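First comes the structure, then the notes that go with it.
All of the numbers you see were taken from the coordinates with simple rules; none came from a lab. In this text the structure is predicted, and so the values were computed from the model without any measurement. Positions of Cβ are backbone-derived with ideal geometry, glycine not excepted, and every protein chain shown enters the neighbour counts.
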Amino acid sequence: MEEYLKTVAGMMALAARTAPKAIGKDYIEIKILTGPDIAGLANEMIKYGEESGKPNYDRDGGNVRNSEAVLLLSLKEPLYLGLNCGACGFDTCSEMDKNLKKGPEFSGPLCTWRVIDLGIALGSAVKTASLFNADNRIMYRIGVAALRKGLIEGEIAIGVPLSATGKSIYFDR
């Protein structure tokens with residue numbers, strides 16, 4: 001199943017890349033992990049859970065370890081739209097931009113429209129996995145560990161592991 005799931009991950013990456021983005025600007029980073037990179041990611045997830053005391057990093061790390069591929073998506077250096085809409089919590093885009101700082105897991109604030117771009121790309125990717133009947137689950141904990149380990153760059157990241165077994169390892173746990 002590994003080769004099939006690598007192909008599905010590639011199709012998911014294609015769907016994420018071609019998903020619509022606000023004013024046609026693309027700040028989405030995409031990476032596919034297979035083989036030893038998956039084990040390293042799983043180890044980092046478990047380690048971070050232990051260090052931070054946050055629950056379920058061990059559970060999700062176990063799921064990742066049993067996956068054949070993982071799709072990573074992130075927002076890297078996303079420029080704001082310039083709408084001054086206030087959706088980010090600031091009155092102007094330049095005010096938001098001046099307040100960017102690294103948080104414990106992700107950096108922010110971020111332009112809400114760029115985060116929506118990431119969500120649309122993610123939705124397009126998992127829809128594609130569904131078309132191929134590949135078991136998958138969107139996991140924010142993967143993004144935290146992937147950034148910490150340097151597997152992908154960006155201000156915020158998220159991951160989607162892929163598996164093909166008789167029962168979904170991501171929901172039947």
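Report the number of Lys pairs in the chain whose alpha-carbons are under 14 Å apart, with separation of 8 or more residues or on distinct chains. Let's see the in-between values first.
Working: Lys6/Lys31; Lys21/Lys76; Lys25/Lys76; Lys31/Lys76; Lys31/Lys149; Lys47/Lys149; Lys76/Lys101; Lys76/Lys102.
Taking the Cα cut-off of 14 Å, the pair count is 8.
To the nearest 10 degrees, how steep is helix 36-52 against the longest Cα principal axis of the chain, on a 0 to 90 scale?
60 degrees
What does a probe at Ile120 reach in region 79-109, counting residues whose amide N is under 19 Å from the point 7 Å along Cα→Cβ?
79-88
Which of Ser130, Ser67, Ser163 ends up with the largest GNM mean-square fluctuation for the chain, with Cα atoms connected below 10 Å?
Maximum among the listed residues: Ser130.
What is the extension gain from Met1 to Lys102, computed as 0.36 nm multiplied by their sequence separation minus the C-alpha to C-alpha distance, in nm to one decimal? Write down the numbers at each step before the final one.
Working: separation 101, 0.36 × 101 = 36.36 nm, distance 3.86 nm.
Stretched out fully, the Met1 to Lys102 stretch lengthens by 32.5 nm.
Please give the helix 112-131 orientation as an angle from the longest Cα principal axis of the chain, in degrees from 0 to 90, rounded to the nearest 10.
Tilt of helix 112-131: around 20 degrees.
Take the alpha carbon gyration tensor of the chain, find the square roots of its eigenvalues, order them as a ≥ b ≥ c, and report rounded if a/c is under 1.5; if not, report prolate when a/b exceeds b/c, else oblate. Please report the intermediate quantities before stating the final value.
Numbers: a/c = 2.40, a/b = 1.46, b/c = 1.64.
Here the chain falls in the oblate category.
Give me the net charge of Arg148's neighbourhood, meaning all other residues with Cβ under 9 Å from the Cβ of Arg148; Lys, Arg count +1, Asp, Glu -1. Can you show the working numbers first?
Values: positive: Lys47, Lys149; negative: Glu44, Glu105.
Cβ neighbours under 9 Å give a net charge of 0.
Which whole-Hz ³J(HN,Hα) couplings does region 53-60 yield from phi under the Karplus relation 6.51 cos²θ - 1.76 cosθ + 1.60, θ = phi - 60°, glycine and proline marked x?
Result, rounded to whole Hz: x, 7, x, 6, 5, 5, 4, 5.
In nm, to one decimal, how far is the Leu83 label point from the Lys127 one, both placed 7 Å along Cα→Cβ?
The answer from the label model is 2.0 nm.
Can you give me the angle between helix 2-18 and the longest principal axis of the chain, using Cα atoms only, in degrees from 0 to 90, rounded to the nearest 10?
Taking Cα atoms only, the helix is inclined about 10 degrees.
So, counting K/R as plus one and D/E as minus one, what does the shell of residues with Cβ under 9 Å around Ala42 add up to? Intermediate results must be reported in sequence, preceding the final value.
Values: positive: Arg65; negative: Glu44, Asp60.
Computed value for this residue: -1.
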